[in-house]
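The values are calculated or read from the model by the stated rules, or taken from the named source; none is laboratory data. In this text, all values refer to a predicted model and were calculated from it rather than measured experimentally. Counting neighbours? That spans all protein chains shown, and the Cβs are built from the backbone with ideal geometry, glycine included. Note: accessible area is taken over every heavy atom of the protein model, side chains too, but ligands, DNA and RNA are not part of it. Shrake-Rupley method; radii C 1.70, N 1.55, O 1.52, S 1.80 Å.
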Amino acid sequence: TPDLRVGDTISVGLSPSEIAISPDGAIAYVTDTFSASVSVIDTLTNRRLRSISVGLSPIGVAFTPDGEFAYVASSGSQSVSVIRVSTHS
């Protein structure tokens, strides 16, 4: 049988719950539910680039088809944050 191993892990905020990959595949956004943030992951290097503050208890994330924006649903604050992907803000 082949030797199957999990790749290197990436540290993110508290209670990661959902991940979305940008249309070009370069960036991943991970909702950190208990940190009220989104972790930005560079998929080429598998490194966390930064954390973006969003509403309380972010539980969902999606990129627009053109990759210009990401929308993050936060159940705790009953809001949706809009992030410009080029600046992660």
Check: Checking residue 22 against (1) of a type in the set (Gly, Ala, Ser); (2) open to solvent by less than 60 Å² (accessible area, probe 1.4 Å); (3) in contact with a helix residue (DSSP H, G or I) (Cβ under 9 Å, 6 or more places away or on another chain), which test does it fail?
Finding: (3)
Next item on the list: Report whether or not residue 43 is of a type outside the set (A, V, I, L, M) and crowded, with 18+ Cβ neighbours inside 10 Å.
Entry: no
Check: Wholly within the stretch 3-87, which strands (runs of 3 or more DSSP E) include no fewer than the required count, namely at least 1 residues that are touching a residue at least 24 places away in the same chain (Cβ under 8 Å) and under 10 Å from the mean Cα position of the chain (by Cα)?
Finding: 16-21, 27-32, 37-42, 47-53, 58-63, 69-74
Notebook entry, point to check: Which of the residues spanning the stretch 47-70 are farther than 14 Å from residue 89 by Cα, open to solvent by 70 Å² or more (accessible area, probe 1.4 Å) and in contact with a strand residue (DSSP E or B) (Cβ under 9 Å, 6 or more places away or on another chain)?
Noted result: 47, 48, 56, 59
